[in-house]
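Inspection log for the structure reproduced underneath, given as C-alpha cells.
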Amino acid sequence: MRRLLWVGLLGCAGCLEPGDPFLSAADTKPPEVVSTEPGPGGTVSARGTVQILFSERMETRTLRPGIAVFEGRVEVPLTVTAPPELEGEDGVERGDVPSTITVSAEAGSFTPGTAYTLVLRTLLTDSQGNPLAQEVRVPFRTEP
C-alpha cells in the first residue's frame, strides 16, 4: 500500500513545473500609483484626459467612487475608463500586471486655465481586494 502511495505522489510531482508553488500565496500587497499624466503641477489641455498608471489591475467597481477631480472644493463629474478584461481572463492569476485608467470630464472638457486636484482615495482596490495604502493627491492645471 505504501509503495502505491509513493508511486502516486511521484506521478503527480511530474505534472508540476519546477519552481512553481503548488498553491500560490494570496496577494496581500496593496496597489501603487506608478505615475499620473499630467504629473504633479503638470498641465493638460481642457479637452484632454488624465492617465493613472497603477502597479496592477484594479477592481473596476471601485474606480468611480475612488477617483475624483476637484476644482477647489467642487467635485467635477467624471468619466472613468479602464482597459477591457480579455476574454478568458476570469479566474486566471495575472500577478502584478500594470493597468492604465483614463479620466475625463463628463461634460467633454475641463474649464480652460483652471487649477484642479486629482484625488485617488483609499477605497480603490486591486483585483484581489487590496486597498490603496494611502490617499494620493495630484494638483494639475488646464491650458488657457
Provide a single number: the residues in the range 95-130 that are of a type in the set (A, V, I, L, M) and within 12 Å of T62 (Cβ to Cβ). 4
Look through L132, L118 and report the one residue that is surrounded by 12 or more Cβ atoms within 10 Å (Cβ to Cβ) and under 24 Å from A46 (Cα atoms). L118
How many residues of the range 109-140 are among the small types (G, A, S) and over 14 Å from the mean Cα position of the chain (by Cα)? The answer is 3
Does the range 33-52 contain at least one residue that is of a type in the set (D, E, K, R) and crowded, with 18+ Cβ neighbours inside 10 Å? no
Would you check if there is a residue in the range 46-56 being part of a loop (DSSP other than H, G, I, E, B), at pLDDT below 95 and among the hydrophobic types (A, V, I, L, M, F, W, C)? no
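The values are calculated or read from the model by the stated rules, or taken from the named source; none is laboratory data. All values reported here derive from a predicted model rather than from experimental measurement. Cβ atoms come from the backbone with ideal geometry, glycine included; neighbour counts cover every protein chain shown.
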